Amino acid sequence: MGNTLTLMTFVPLIGALVILLLPRGRDELVRWVALAVTAVPLVLAFQVWSGFERGTSEIQFVERASWISLTADLGAQEIPLNIEYYMGIDGLSVSMVLLTALLSVLCVIASWGITKWVRAYFALFLLLETGMIGVFCALDFFLFYVFWEVMLLPMYFLIGIWGGPRKEYAAIKFFLYTLVGSVVMLLAGLAMYYLMGGSFDIIEMARILPNNPDAVALGKVLYLALFLGFAIKIPLFPFHTWLPDAHVEAPTAVSVILAGVLLKMGTYGILRFCYPIFPEATQWFAPTLAVLGVVNIIYGAMCAMAQTDFKKLVAYSSISHMGFVCLGMAALTPQAVSGAVMQMFNHGTITAMLFLLVGVIYDRVHHRDIERFGGLRLQTPIYAGIVMVAFFAALGLPGLSGFWGEAFVFMGSLPSFPKATMLALLGIVLGAGYILWTYERVFLGPLNEAYSDLKDISPREIVSLAPLMVIVVYLGVYPQPLLELLDATLVDLVRGIV
Amino acid sequence: MLTAALICLLVPLAAFVVQLFLGTRLPRGGDFVSVGAIGASLLAACWIFWQVMAGGEPGYQWSMVFRWVEVEGFTIPMGLAIDTLTAWMLLVVVGVSFLVHVFSIGYMHGEDRYHLYFGYLSLFSFSMLWLVLSDNLLGIFVGWELVGVSSYLLIGFFFPKRSAALACKKAFLTNRVGDLGMWLGIMLVWKELGVLRLEQVYHHVGAGAFSSEATLTIAGVLLFVGAVGKSAQLPLHVWLPDAMEGPTPVSALIHAATMVAAGVYLVGRLFPILTPDALLVIAYVGALTAFFAATIAIVQDDIKRVLAYSTVSQLGYMMVGLGVGSYFGGLFHLTTHAAFKACLFLGSGSVIHAVHTQNIWEMGGLRKKMPITFATWVISTAAISGFPVLTNGFFSKERILGDAMGFGLHLPQHFLIFALPMVAAVITVFYMTRVTIVTFFGEPRDREKYEHAHEGGFEITAPLMVLSAITLLGFAYAGPFERMVTPPSSTDYAAEQFAAFHYGESLRTGALDESHGAHAAEAGRGEAAHEEPAHAETGAEHHEAPWGPHRVDAHSLHTGHRAVLYLSLLALILGVALATLIYHRKRSQEALARRFSGTWRVLYNKYFVDEAYQAGVVNPLLWLNRLSAAFDRVVIDGAVNGSATLTRALSSGSGWSDLRIIDGIVNGIASVTQVFGAAFRRVETGRIQHYFAFFLAGTLVLMLIRVY
């Protein structure tokens, strides 16, 4: 129990090294090893799930050790360089850790068809997993930043090597965008470090800096610096155009990780850093954030409706759905913020399903042009059925998990931002619009003869989708298990601000 | 009670799951699973009905709350509740659903995806029951959306047909627009009250917890917008006629008897919290819908479309009923309509099954071939026309019109609320007679189809007979319904003197006491809600079961009702006579169409509402979508790529300058040095005599300089 998080984080790294040591040409073995390695964090995630104490905002599963400690003589002032290995999770991060562990396994299954440089692919993928879990567990800013950057590099190569026709463009765009964000973020982090008098401890920052006059004075600037880094990741309008490109070019599994986990790091970061450390700036910025959220919702949905590339459509739908998260965060009521974090988790599962499903059809027909399909439900009824579940979940149908996040966001943000909420509600009509229109164009109507020998979804693909479907239905019927994980932390978080 | 409710609710859900996963492997596509499930539900519903009704207690309420979401931030309980209205609704929903299941065995025989069809029916039954049994607004909303999905799936059941694919999408999206309003209404209630359980909502609203009456009106109207979508009221009625693309039994169950009535049910549930202004909106929407939909039904050639517009129109009547405060009229019409309209739809299904066309002009003379269908059709046509005493439609429709008349007489500025449905009543009789004559009388127009036609099997005729029997037995249950189904917790409310009650009361007593009625009505329009002292006496009256049947009987407002009775009879005769005159003598439709070509065109094209939506909503939206996508590509990505290009240009510029200028300078210096070096190398030969010669030369030069 004592080092669950460390194991979760670093087992994939060790796995990556093991895979690199495997002999060349044993691709099948590599895949199985990768699957076995990703299964470890998943098993540990179950342990976390059962061992996590509900109803408290305490940090749990804490591991703490001094990492780098020396005293630097900076002329007049002596600043001790003090970086800790400080890992732990609370209600904010626990659902994200679970999501990451789950999606990683499913992505390995979905990557079975990768044939180019298999060892490198899975090694990079496992390195990515280390970075992702680390980001959500790190409670020392420097450690967080290290994981953040560790994640960036494999992502760049995964898109740039295994991607589609414009992969280099997409990869470099993703890389540069994220890099700009992280540089600004690092500067803010260093400033906070000095304000703290030499500590990167995030929890301490949240305790001390709100009462530190210097920090309060600098609050807005630092808030915005951090915010920019995270906003690019969410991605918030107008920093969002890297996302559709990255998605369209990335291989299926990478798209799943990108939309399922990486986007959440943006909102997670805001809730982890900006909110508790700069409560005043948070309140000051909340209306803007709400507006940006609404812009994301409406603009993302309208762009999605105009797409003919299936994957690009899903990418824009992610932009739209992340808007709900931002609106909920901005509202600063316990219900809305809980709804926002629920939406983060639920969007992670639903959008993962959507990307996996797009991958299924792309693997068969090698194009994603919505206009060229038609009547596929006749040919592939099971596939069409699963797509329908995912689609209905995405449009926020009650009874499937997508609804509750949105519902709580709306219920919680109506008192704070009535007009913005009403506008955001348009998003649910637009969402239904692009989703049902797509479904009609792809699956309904007479069968397009070009696809009369299309094969239905395979058992392996079903295995990669089934756990997500179960979660989507289960949390749709009964959201309490998710909600009780995160609620206490978020209530305290909101209380600390308002 | 809990067990019965759970059986009623969950058995169809289980059937859906079974059908979804095992349907193809079961014999007969597993239809017996779904039919058996709904049979079990029916038994449970009957038991519940018996339990509730046997007590003879109008205020009966059983409820069961369970924790559903309960965290530090907020709690939302879910629960089931059964009162008299629920008991009736259960019986209506499960009853019609059961008959439609049975009918479908014959009707859908041999269709592809037969097992899924029954699975979807089970899903629908579950969702509808959830909607009816829920004790809170959120639960109702969940059921509300789920019936929408079942409706989507069933309308699109024949999805390889393009029109069906479009119709199911349209139905869902139009409903979604309505749901937007409803959801906003729910959130407004949540924001104002912090509770969603209906009982608590009534209580809090009664206690004046809403911040203002205007807000309450807005909440009521917003919630009603949901009903507008689901019950296909103007201006969101466009989906229902298209929904006829679904299998006909589905049209009977979902798009006539139950789901579309959910809007009316919702308004009925919300009745205690609706303000006079909200009710007025509801009444107007209902009246307009009743009238306009009826006019469209006159000219439709597709038998199912006639019935679809007729359904829209009848739902309008129910809204009028509730809008003018006729709780009984509105909700009783819901139940009677469920029976006779389901009978009509199944009858049309029987006909379509026999002749394989939906165009009434390809039918004719079918009464000889299909006597049972014909007989049941005539009975239900009589019911929808309000044929006196014998049919159930008479009791409900007369009550609505009578109450609307009372309303119209006392608030003459709102006389349209009575006039439009009254005129629509004539039109209803007219179009129903038209369809009956063209379909069942005269000579067969399409010999081949006629010869082919035959009455369906027992599973098709039995539901028709049962439904027409229920239609004829209206006199037996109109009384109990009125006695038992009363507005929820009305006694609590009356004490609070809530505005809606002033308003409703004024309608009922108004016929007797003009001044009092006008006074109360006026008060109802104004700030009646909190003007207690002025209306103390009304308040006192409220205390003694203001909605109780004896009160209505005692006062017998019946001048109004008697007038309406005569008017309706007149409408009946007029409608039948006109339609017979025009259609029985086989004067062709074309002559009529030519005679009134303008009107005809407008009606035939349903007032061009679809076209207006296409031009006014859909196309601009598509245009906006393309605009945003272009903006994304050109402006935002343009800026991103532009800045990238700029950076590259700058760096290649700086690269160039690095290469040419900076390096140029460096290299320049180097080359100069080199040149000098090369030059000096020649000089520095290392031989002493050369140096000596240079030395001499240098000295010579210096001397020369010195001299001059």
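The values are calculated or read from the model by the stated rules, or taken from the named source; none is laboratory data. Fair warning: this is a prediction, and the values are worked out from it, not measured in the lab. Cβ atoms come from the backbone with ideal geometry, glycine included; neighbour counts cover every protein chain shown. Each accessible area value is taken on the protein alone, full model and side chains, heavy atoms only, with ligands, DNA and RNA left out. Shrake-Rupley method; radii C 1.70, N 1.55, O 1.52, S 1.80 Å.
Couple of notes before you dig in:
- Positions within region B:187-202 being more than 10 Å from chain A (Cβ to nearest Cβ), surrounded by fewer than 24 Cβ atoms within 10 Å (Cβ to Cβ) and within 22 Å of B:S127 (Cα to Cα), in sequence order: B:R197, B:E199
- Where a residue in region A:371-387 is at the interface with chain B (Cβ under 9 Å from one of its Cβ atoms) and its partner, wherever it lies, is in a helix (DSSP H, G or I), with Cβ under 6 Å and at least six apart: A:R377/A:A384; A:R377/A:F443
- With respect to the conditions (1) within 27 Å of the chain's Cα centre (by Cα); (2) of a type in the set (A, V, I, L, M, F, W, C); (3) open to solvent by 10 Å² or more (accessible area, probe 1.4 Å), A:L454 lacks only one, and its number is (1).
Yes/no matrix, rows are residues, columns are (1) in contact with a helix residue (DSSP H, G or I) (Cβ under 7 Å, 6 or more places away or on another chain); (2) assigned to a helix (DSSP H, G or I):
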| position | (1), (2) |
| --- | --- |
| A:Y316 | yes, yes |
| A:V337 | yes, yes |
| A:T349 | yes, yes |
| A:G359 | yes, yes |
| A:D363 | yes, yes |
| A:R377 | yes, yes |
| A:I382 | no, yes |
| A:F391 | yes, yes |
| A:G399 | yes, no |
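- Selection within region A:232-283 - more than 14 Å from chain B (Cβ to nearest Cβ) and among the small types (G, A, S): A:A250, A:A253, A:S255, A:A259, A:G260, A:G266, A:G269, A:A281
- Within region B:368-375, one or more residues are in contact with a Lys or Arg (Cβ under 7 Å, 6 or more places away or on another chain) and either basic (K, R) or assigned to a helix (DSSP H, G or I) (or both).
- Screening the candidates B:M108, B:M53 for the property of being under 28 Å from B:I254 (Cβ atoms), in contact (Cβ under 8 Å) with a residue 60 or more places away in the chain and open to solvent by 10 Å² or more (accessible area, probe 1.4 Å) yields one hit, B:M53.
- Listed here are the helices (runs of 4 or more DSSP H) enclosed by region B:247-362 that have at least 1 residues being farther than 23 Å from B:S97 by Cβ: B:262-270, B:276-299, B:303-323, B:327-355.
- The residues of region A:156-177 that are of a type in the set (S, T, Y) and touching an Asp or Glu at 6+ places or on another chain (Cβ under 9 Å) amount to a single one, A:Y169.
- Only one of the numbered conditions (1) facing chain B (nearest Cβ under 10 Å); (2) open to solvent by 10 Å² or more (accessible area, probe 1.4 Å); (3) over 30 Å from A:Q379 (Cβ atoms); (4) not hydrophobic (A, V, I, L, M, F, W, C) is not met by A:P481, and that is (1).
- Residue in region B:206-217 that is within 12 Å of another protein chain (Cβ to nearest Cβ), assigned to a helix (DSSP H, G or I) and modelled with pLDDT of 85 or more present: yes
- Residue count for region A:443-478, restricted to those that are more than 11 Å from chain B (Cβ to nearest Cβ) and in a helix (DSSP H, G or I): 19.
- Residue in region B:642-665 that is away from chain A (no Cβ under 14 Å), basic (K, R) and exposed (fewer than 11 other Cβ atoms within 10 Å of the Cβ) present: no
- Residue in region B:666-674 that is open to solvent by 100 Å² or more (accessible area, probe 1.4 Å) and farther than 30 Å from A:Y169 by Cβ present: yes
- Selection of region A:403-425 for residues being within 11 Å of another protein chain (Cβ to nearest Cβ) and assigned to a loop (DSSP other than H, G, I, E, B) yields A:L414, A:P415, A:S416.
- Residue that is most open to solvent (accessible area, probe 1.4 Å), among those in region B:62-95 that are touching a Pro at 6+ places or on another chain (Cβ under 9 Å), more than 16 Å from B:G143 (Cβ to Cβ) and aliphatic (A, V, I, L, M): B:V65
- From A:A330, A:A286, residue being away from every other protein chain (no Cβ under 14 Å), small (G, A, S) and surrounded by fewer than 24 Cβ atoms within 10 Å (Cβ to Cβ): A:A286
- Test: B:I636 is open to solvent by less than 50 Å² (accessible area, probe 1.4 Å), in a helix (DSSP H, G or I), of a type in the set (V, I, T) and modelled with pLDDT of 80 or more: yes
- Options A:V62, A:V43, A:V11, A:V18: the member that is within 24 Å of A:G113 (Cβ to Cβ) and away from chain B (no Cβ under 14 Å): A:V18
- Some residue of region A:218-231 being within 18 Å of the chain's Cα centre (by Cα) and not in a helix (DSSP H, G or I): no
- Cβ-Cβ under 9 Å pairs, at least 6 apart or on other chains, region A:450-464 side outside the structural domain of A:G374 (by TED's automatic domain parsing), far side surrounded by 15 or more Cβ atoms within 10 Å (Cβ to Cβ): none
- In the set (1) without any contact (Cβ under 8 Å) to a residue 12 or more places away in the chain; (2) in a helix (DSSP H, G or I), the condition left unmet by A:H367 is number (2).
- Test: B:V221 is part of a helix (DSSP H, G or I) and open to solvent by 10 Å² or more (accessible area, probe 1.4 Å): yes
- Only one of the listed residues (B:L173, B:L184) is open to solvent by 10 Å² or more (accessible area, probe 1.4 Å), at the interface with chain A (Cβ under 10 Å from one of its Cβ atoms) and within 24 Å of B:T258 (Cβ to Cβ). That residue is B:L173.
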